[in-house]
Amino acid sequence: MKSKLQDFISPKAMPQVLKLLGHDNLLVKIKKERKTRHGDYMRLPNGKHQITINSNLNEYKFLITLIHEIAHFEAYNTYGKLIKPHGIEWKRTFQHLMLPFLNPDIFPNELLPLLAKHFKNPKASSDTDVNLALSLKKFDKPNNKTYIFEVPVGSNFKLYNGRIFQMGRKRVKRFECIEIQTGRLYLFNPNAEVELLKKHYE
């Protein structure tokens, strides 16, 4: 387990992570990038439990995602299978498990205030916490993606699945975008990453 994870996790976080993973019936698998999720947890038919994490995550996102999924396992063991996936039991478990990691030996100082705020009431995905998500993405490897909030109004952009949209106006938090093929309106979080297709000139 240690050799599998040491390429993705800070050495200073590893002892606590290994302590949390010290269950014979808990498996962790590293997966190639999945566009729809960073990780997941499931109870297998044989009674064991499996966590999967995407290999393309930076070390801070990887750690948060791993603890998120371990919290599902711990909440299941403590409260049973009838709880809501991201209900109060999971939130409390996630907060408790994450607390020992929230220190400057493991996370950069610029992330700690954002993490402290996020874990007052953790969400189903850290991506929905825009400020935290944008700060975490600063530690990603460079790519050719553009954030939605950087796309000029009227420009076209493409998603990972090939769907093409035209950029519209900003609502309170999210951006209105029209799908070119269907004409339907969709709302995007400002930290969504897209491929800009056409420059917009005033």
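The values are calculated or read from the model by the stated rules, or taken from the named source; none is laboratory data. Remember, predicted model here, so these are calculated numbers, not experimental data. Backbone-built Cβ (ideal geometry, glycine too); neighbour counts: all protein chains shown.
Enumerate the pairs (first residue in segment 113-128 and under 19 Å from residue 193 (Cβ atoms); second residue anywhere and acidic (Asp, Glu)) with beta-carbon separation below 7 Å, excluding pairs fewer than 6 apart on the same chain, so at least 6 apart or on different chains.
Matching pairs, first to second residue: 123/129.
Output yes when any residue across segment 119-131 is farther than 23 Å from residue 40 by Cβ, polar (S, T, N, Q) and in the same structural domain as residue 94 (by TED's automatic domain parsing), and no when none is.
Yes: segment 119-131 contains one or more residues that are farther than 23 Å from residue 40 by Cβ, polar (S, T, N, Q) and in the same structural domain as residue 94 (by TED's automatic domain parsing).
When you go through 70, 53, 9 one by one, which is the residue that is closer than 29 Å to residue 160 by Cβ, touching a Ser or Thr at 6+ places or on another chain (Cβ under 8 Å) and among the β-branched types (Val, Ile, Thr)?
After ruling out the rest, the residue left standing is 53.
Restricting attention to segment 69-107, and to residues there that are in contact with a Phe, Trp or Tyr (Cβ under 6 Å, 6 or more places away or on another chain) and not hydrophobic (A, V, I, L, M, F, W, C), which single residue is surrounded by the fewest Cβ atoms within 10 Å (Cβ to Cβ)?
Step by step, filter segment 69-107, then rank; the result is 95.
Exactly one of (1) of a type in the set (A, V, I, L, M); (2) surrounded by fewer than 17 Cβ atoms within 10 Å (Cβ to Cβ); (3) at pLDDT 95 or above is unmet by residue 111. Its number?
The failed condition is (2).
Keeping to segment 6-45, report how many residues are without any contact (Cβ under 8 Å) to a residue 24 or more places away in the chain and either under 19 Å from residue 102 (Cβ atoms) or buried (at least 16 other Cβ atoms within 10 Å of the Cβ) (or both).
Total satisfying the criteria: 5.
Restricting to segment 103-134, count the residues that are in a loop (DSSP other than H, G, I, E, B) and closer than 17 Å to residue 90 by Cα.
7
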